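Accompanying notes for the structure given below.
The values are calculated or read from the model by the stated rules, or taken from the named source; none is laboratory data. Everything numeric here is computed off the predicted structure, so don't read it as measured data. Backbone-built Cβ (ideal geometry, glycine too); neighbour counts: all protein chains shown. Heads up: the accessible areas ignore ligands, DNA and RNA and are worked out on the full protein's heavy atoms, side chains in. Shrake-Rupley method; radii C 1.70, N 1.55, O 1.52, S 1.80 Å.
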Amino acid sequence: MATHSDLRHNGSVIRYDTRFLDPMEPRLFDVAWLMAEGYHQGNSAGRGEAHFIRFAGREMVLRPFRRGGLVGKINRDLYLRGGLDASRPMKEFALLDWMRAQALPVPRPVAAQVTSTGIFYRAALVTERLAGARPLEDILRDRPLHSDVWGTVGGVIRLLHNAGVDHSDLNCRNILLDPEHRPWLIDFDKCRRRQPGAWSVDNLDRLKRSLVKQNGRGDGLHWEQADWEALSAGYAAEKSDGAGGRP
C-alpha cells in the first residue's frame, strides 16, 4: 500500500502518494499554471475532460470532477460537503489504491483535491498516465481488433468483478489498451466494492450499449457481434477467485 499524506493549502485538502511525488506541488491542480509553466501536454475532450501533465519527470493525468446531464447545465462542478473521506475524489483515490494492491490493471492514484466553497466543494484527481494507452473507442475507429484482444478485455473485466468492484460507468472510453494491447480500466468515480449481484451483468450491458451507440456516430467502429462473443468468452473463461493482474 502507498504511503499517503494530507496537505492543506488555500482552503483545499490534498491527499497524495508520498512515494510517487514528494514534496507535493499544489499547483498541479491549476490548469492555468500548468500551461504557463509548460507542464501541460494537452487534454482529452468531453465531460470527463482530462489534462495531460509532465512534471518532475512524471507523466500524469489531471481530471477535474464535472457534473453531467441536466444537473450539469446549471451546476457544473459543485458537490455537497460531507466528511472528507466521503468526498468523491477521496473515495476514488482509496478505491484505486486498494485495486492496485490487488494487482488490478488500473492507474496509480497520485493526488486527490477537495476545495471547500461554503456548503459545497470542488474536486479533482491526479493519476499516473498509462504510457501509450488509448481508449478502446479510438482504436476501434482506426482498425478492428483480434479476437484474442477482445478475450483479454473480457478477462480483465471478470477480474474486476471477481474482486467485487462495480464499475458503474463501464464504457468504450473507460477501457484503454496500451501498445502491447494490454487492457487497463479507468475513471472509477462513483464506483464501489460490492457483494456479487446483478450489477456485474449491468456493467457488461452498459459497455455493449456504449459500443452500439458509438458505432452509430461518424464512420462507426470496427467491431461486430463476433467480437462481443469473444469478449464474453474471455469473461467466462476467467475463473480466478482472486484479482490477479498487473501492478
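Calculate the dipole size of the range 127-247 relative to its Cα centre from +1 charges on Lys and Arg beta carbons and -1 charges on Asp and Glu beta carbons; express the result in debye to the nearest 20. The partial results should precede the final answer.
Values: 18 positive and 19 negative charges, 64 e Å.
The dipole magnitude comes to about 300 debye.
How high is the FRET efficiency between Gln195 and Arg67 when r is their beta carbon distance and R₀ equals 35 Å, given to the nearest 0.05? Present the calculation step by step, with values, prior to reporting the outcome.
Details: r = 29 Å, r/R0 = 0.82.
Efficiency at R0 = 35 Å is approximately 0.75.
Leaving ligands, DNA and RNA out of it, work out the accessible area of Arg173 with a 1.4 Å probe and give it in Å² to the nearest 10.
The accessible area comes out at roughly 90 Å².
Above 19 angstrom, tally the Cα pairs of the range 107-246 and express them as a % of all pairs, no decimals. Spell out each step's value before the answer.
Details: 5222 of 9730 pairs.
The answer is 54 percent, as a whole percent.
Farthest toward the dipole's positive end in the chain, which of Leu28, Ala131, Val106, given Cβ charges of +1 (Lys, Arg) and -1 (Asp, Glu) about the Cα centre?
Going by the Cα projections, it comes out as Leu28.
Which residue, chosen from Leu185, Asn171, Asn203, occupies the Cα position most advanced towards the positive end of the dipole of the range 170-221, where the dipole is computed from +1 (Lys, Arg) and -1 (Asp, Glu) charges on Cβ about the Cα centre?
Asn203
With a 1.4 Å probe and every protein chain kept in, tell me what percent of the accessible surface of the chain is carbon plus sulfur. Could the numbers behind the result be given before it?
Details: 5990 of 12330 Å².
C and S atoms contribute 49 percent here.
How high is the FRET efficiency between Ile119 and Trp33 when r is their beta carbon distance and R₀ equals 30 Å, given to the nearest 0.05? Provide the component values of the computation, followed by the final result.
Working: r = 27 Å, r/R0 = 0.91.
Efficiency, from the Cβ-Cβ distance: 0.65.
Just from the alpha-carbon atoms, what are the Rg and Dmax of the chain in angstroms?
Computed over the Cα atoms of the chain, radius of gyration and Dmax are 18.2, 53 Å.
Can you give me the distance in nm between label points at Lys239 and Asp85, each placed 7 Å from the Cα along the Cα-to-Cβ direction?
Label-label distance for Lys239 and Asp85, simple model: 3.8 nm.
Please report Rg (one decimal) and Dmax (integer) in Å for the Cα set of the range 62-142.
For the range 62-142, the Cα-based Rg and Dmax read 15.0, 46 Å.
Filter the DSSP H helices in the chain by two things, a Kyte-Doolittle mean of at least -0.5 and an axial alpha-carbon span of 15 angstrom or more, and list the hits by number. List each step's numbers first, then the result.
Working: long enough: 88-101 (20 Å, -0.33); 147-162 (22 Å, 0.40); 199-215 (24 Å, -1.00); 225-237 (18 Å, -0.08).
Qualifying helices: 88-101, 147-162, 225-237.
Rank by packing, highest mean first: peptides 222-229, 150-157, 55-62, with packing defined as the count of other Cβ atoms within 10 Å averaged across residues.
Numbers: 222-229: 14.2, 150-157: 23.2, 55-62: 16.6.
Per-residue mean Cβ counts within 10 Å order the peptides as 150-157, 55-62, 222-229.
Give the accessible area for Lys208 in Å² (nearest 10); use a 1.4 Å probe, count only protein heavy atoms, and leave out ligands, DNA and RNA.
60
Taking only protein heavy atoms and a 1.4 Å probe, what accessible area per residue, in Å², does the chain have with all protein chains in place? Please report the intermediate quantities before stating the final value.
Values: 12330 Å² over 247 residues.
Value for the chain: 50 Å² per residue.
Where does each of Ile186, Ile14 land when they are ordered by accessible area, with a 1.4 Å probe and the largest first? Could the numbers behind the result be given before it?
On the way: Ile186 40, Ile14 0 Å².
Output order, biggest surface exposure first: Ile186, Ile14.
Within the range 112-131, whose backbone N sits under 18 Å from a point 7 Å along Cα→Cβ of Leu78?
Taking a point 7 Å out along Cα→Cβ of Leu78, the residues of the range 112-131 whose backbone N falls under 18 Å are 114-124.
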